[in-house]
Amino acid sequence: MRLRAVRADALRPALILLAVFAFVCGGLQLAVGAVAPVPFWIPAAFTAVYAIWTAAGVIAWWRRPMSGTGGLLLAGAVAVFVGGAGNLGLPVLTEISTVFATFILAVTVHLLHAFPSGRLHGAFSVTTVATAYGVTLLLQMPLYLLPADQSALRSVAVLVQSTVGFGVMVATAVFLIRRLRSADPQNVRVLLPLYLYGILAVVLIPVSANVLALLGADGVVIGGTQLIVLAGIPIAFLLGVLRGGFAQTAEADALSAWLGNAGSTGASVAQALARSLGDDSLRVAYWSEEKGTFVDAAGAQVPEHEQAPPRLWQEVHVESRLVGAIGYDGRMLTDPEAVRRAGRVLAIALDRERLTSALVASNEALQLSRLRIVEAADRERGRIARDLHDGLQVQLVLLALDAQQIANSRDAPPSTTAAATALRSRIDDAAADLRRLVHAVLPSALVERGLTAATEDLVDRLDIPATLVSDVDDRALDPTTARSAYLIVAEGLTNAVKHSEARSVRVTLARSEGVLRLSVKDDGRGGARVEDGSGLKGLTDRVDALGGAFELISPAGAGTELRVELPCAS
Amino acid sequence: MRVVIGEDEVLLREGLVHLLENEGIEVVAAVGTAVELEVEVARLEPDLVVTDIRMPPTHTDEGLLAALRIRRSHPGVAVMVLSQHVQRRYATELLEPRDGGVGYLLKQRIADVRTFTEDLRRVQAGGTALDPDVVAVLVSRASKTRGPVGDLTPRQLEVLGLMAEGRSNAHIAARLGTSEKAVVQHTSKIYDTFGLPVAADDHRRVLAVIRYLAAAGTAGTAGAPGTAAPAAGSQ
């Protein structure tokens, strides 16, 4: 930003000075015009047109410092000024004004060819514009050098000037039509009206004198019409420059500063480039290593015609590695060096973006993989618990039943009865052990009802007084979240009983706005650390994998609170 | 006694049918889903339903929900719920709709055939049968509060537990190896301590005790107003 400011600081005072000088000149012209031997409206009208050209030139230069359009408009302003000065009745000024009488038409042709960059592009344009200047300066000479009585020669001179001038306009029209036909639609909407007005103005100004005279108009009407058409030219170009977003607004180094500041994405980089280089059709493409082709920001392949003339294609490299490209309209941006400079800035941004997206992608992949591991572990727990419930637990009931039936059979000797009863009792003990194991793997209440019911059962069986407050609707919670929350609460309660020497503990479950908040708070000795128990460490990993937050608040001597937030779809 | 059985494990269902028929109990239907269970109950109006909790299609708590609906819609049908794990919440839900005629036991209790059939008959007669496991939860919860449960002697606590399981005084006396008279003394002391009115009906006395225990525990965990004390050690 500072770089840009320095350049603007250098340019803007100069433009202000220029505007002041032009203002003074305009004032002088008006003052002299007031005492000149012509009707006052003539110098006044010329001064007004001159003022319009000057203002347009200054504004265009100010707003688009990298475009030559502003300078050309100011050259036009000088031409208008000189033309107007011929009416002031001062012999020297009249001579000069005669020399430059049609110069403004050449400037307009120049503007048409050079728009929007302000620079001529291609030998055809250069030749045409040079010829235009020749027509208005050299072919004008016979008109003021030949004596007034050589009317035949003068007619020949006028004919030659008109013919060559007409040729210049035909060439210009051909050139502009070619440009329009190959321009991008968004550029056409600005270019077309501008071109039409420019060509009509250049043709009408000289022709209108004869046509209007034939229609019987007097000199005032003719002069007034010409001046109005002339005044429209700078307005049209100024609007074109500003509306079209053409021409650089900032230097590439200013762009780099901008890139450094902004957390720029691909789309915003392309936009910034288009704006600062002055081509709305500019596209940024990315090199895809795996596809071996250029892709756009959305990952779609860039079509071949985007890389073929009239589009130009500037590849962008980072340390000789291809990272992307800038596709632009070669007719809009005539200075490839500016694009190359922008490309070097873009290279950094593209590479940063590429690395960022690679990092994000791998991070996402890692996160998903962790989530899958958690879910796989939960599935495995579920499967084990179900297998035990449907298999071994049933088997133990049937075994115990068989043992008891042996014990109860009438013909069994007392020793058999006693042994079978003892066996049944031992099977019951094994079943109780298995029940505890199944409960630890995946509690029935969690499967059957959900988190609150399971936590309630957990709290019920705790050795110390425990309070449960829950507003969670069990059936609206997804299994992974519910299981994780349960395991966290279970671990928190185990720690409270085993390590905290707590006398009571409070469990809170709350759900709001897609977040499940749970807290296990005891009144024990505190000082617990996540690193102390593998249980808590494992849970932090689980919470992390689910994208939740884990907090252990345990000041020494002031109890321990385990606070966890888990995202849950609402 | 006519019984309908709901159990999705085929071996266990057949084992149950076999066991009950051996004990002279008529099994009029044995089905594998909660939906079939309710259909059969409506059709056959049995004296007793014996059902699992987890059954198809969701394998969650459809057996329990069916049992609760049967208790509400068929007052004459007693319900025995069996499960691999017992918890307080289900016990209180089962005791809610109406007095007695309900049992809630671990499946493993089936193996002690004599006690199990005794439980079934008591439930069918309007009594209750709560698993010792869930009674232990109730008593331990109640004793964690500063209420009168903490004032009971160990022997009184034993009697209290057996009462809550739904046992008769005779059974408690036999189990503890003491006289029925001694048991009556203990139970009177328990009623006094809890401030419960002495009801003539055995079943009602048992229910009063269970509800007292459930409420006392609730006071401890939820901090309901107007109860004896907050959770011990919270100060």
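We did not get these values from a lab; they are worked out from the coordinates using the rules stated. Only a predicted model underlies this, so the values are computations on that prediction, with no experimental measurement involved. Reconstructed Cβ throughout: ideal geometry from the backbone, glycine too, with neighbour counts over all protein chains shown.
When a/c is below 1.5 the answer is rounded, else prolate if a/b is larger than b/c, else oblate, so apply that to the stretch B:2-130 with a ≥ b ≥ c taken from the square roots of the Cα gyration tensor eigenvalues.
Rounded.
For the stretch A:263-367, what ratio Rg/Rh do Cα atoms give with a Kirkwood hydrodynamic radius?
0.98
If N is the number of residues in chain B, what value comes out of its Cα radius of gyration divided by 2.2 N^0.38 Å?
Expressed relative to 2.2 N^0.38 Å, the Cα Rg reads 1.04.
On a full-extension model of 0.36 nm per residue, what is the gain between A:T94 and A:A510, subtracting their alpha-carbon distance, rounded to one decimal in nm? Show your work: numbers first, answer last.
Working: separation 416, 0.36 × 416 = 149.76 nm, distance 9.24 nm.
Contour length minus Cα-Cα distance gives 140.5 nm.
Once you place label points 7 Å from the Cα toward the Cβ at A:E304 and A:A419, how far apart are they in nm?
9.2 nm
Taking the alpha-carbon distance from B:K144 and a cut-off under 23 Å, which lysines remain once sequence neighbours fewer than 8 residues away in the same chain are dropped?
By straight Cα distance, B:K144 reaches A:K498, A:K521, B:K189.
Please sort by residue number the chymotrypsin sites (Phe, Trp or Tyr not before Pro) in the stretch A:19-100 whose DSSP state is loop and whose Cβ has at most 16 other Cβ atoms within 10 Å. Can you show the working numbers first?
Working: sites: A:F21, A:F23, A:F40, A:W41, A:F46, A:Y50, A:W53, A:W61, A:W62, A:F81, A:F100; in loops: A:F40, A:F100.
Taking the stretch A:19-100 and a limit of 16 other Cβ atoms within 10 Å, the loop chymotrypsin sites (Phe, Trp or Tyr not before Pro) found are A:F40.
Which whole-Hz couplings ³J(HN,Hα) result when phi for each residue of the stretch A:522-532 is put into the Karplus expression 6.51 cos²θ - 1.76 cosθ + 1.60, θ = phi - 60°, listed in order with x for Gly and Pro?
My calculation for the stretch A:522-532 gives 10, 10, x, 7, x, x, 7, 10, 4, 5, 5 Hz in order.
Please give me the summed charge of the neighbours of B:R141: other residues whose Cβ is under 10 Å from its Cβ, Lys and Arg +1, Asp and Glu -1.
With Lys, Arg at +1 and Asp, Glu at -1, the net is +2.
Report the per residue volume, in Å³, of the convex hull enclosing the C-alpha atoms of the stretch A:369-441.
56 Å³
Taking the stretch B:92-161 as the region of interest, what is the percent of Cα-Cα pairs per 10 angstrom bin, listed from the shortest bin to the one with the maximum distance?
In whole percents, the pair-distance histogram is 18, 42, 33, 7.
Roughly how large, in nm² to one decimal, is the mean projection of the convex hull of the alpha-carbon atoms in the stretch A:410-542?
The Cα convex hull of the stretch A:410-542, projected and averaged over all directions, gives 11.5 nm².
Report the local net charge at B:T60: Lys and Arg +1, Asp and Glu -1, summed over other residues whose C-beta lies under 10 Å from its C-beta. Walk me through the numbers on the way to the answer.
Numbers: positive: A:R449, A:R475, B:R54; negative: A:E448, B:D61, B:E62.
Cβ neighbours under 10 Å give a net charge of 0.
For q = 0.13, 0.14, 0.29 Å⁻¹, what log10 I(q)/I(0) does the stretch B:1-43 give under the Debye formula with an equal point scatterer on each alpha carbon and no solvent?
-0.24, -0.28, -1.00
Explain nothing, just the number: dipole magnitude of chain A about its Cα centre with +1 on each Lys and Arg Cβ and -1 on each Asp and Glu Cβ, in debye rounded to the nearest 20.
Approximately 1480 debye in magnitude.
Nearest 10 degrees, 0 to 90: what angle lies between the long axis of helix A:123-137 and the longest principal axis of chain A (Cα atoms)?
30 degrees
Tell me the net charge near B:R72. Cut-off is 10 Å between Cβ atoms, B:R72 excluded, with +1 for each Lys or Arg and -1 for each Asp or Glu. Mind dumping the intermediate values first?
Details: positive: B:R69, B:R71, B:R98; negative: B:E96.
Every neighbour counted, the sum reads +2.
For the protein assembly as shown, what is the per residue volume of the convex hull drawn over the alpha-carbon atoms, in cubic angstrom?
Spelled out: Cα convex hull of the protein assembly as shown, divided by residues, is 286 Å³.
By its C-alpha gyration tensor, with a ≥ b ≥ c as the square roots of the eigenvalues, how is the stretch A:54-165 shaped: rounded for a/c under 1.5, else prolate for a/b larger than b/c, else oblate?
Taking the square roots of the gyration eigenvalues as a ≥ b ≥ c, the stretch A:54-165 is oblate.
For chain A, take the longest principal axis of its alpha carbons; what is the angle in degrees between that and the long axis of helix A:219-243, to the nearest 10 within 0 to 90?
20 degrees
Per residue Cα convex hull volume for the stretch A:112-216, in cubic angstrom? Kindly include the intermediate steps, with their values, before the conclusion.
Values: hull volume 11.9 nm³, N = 105.
Each residue corresponds to 113 Å³ of Cα convex hull volume.
Just the Kirkwood number for the stretch B:134-222, please: inverse of mean 1/r across all distinct Cα pairs, in Å, one decimal.
12.9 Å
With axes computed from alpha carbons, what is the tilt in degrees of helix B:62-73 against the longest principal axis of chain B, rounded to the nearest 10 within 0 to 90?
Between the helix axis and the principal axis of chain B, the angle is about 80 degrees.
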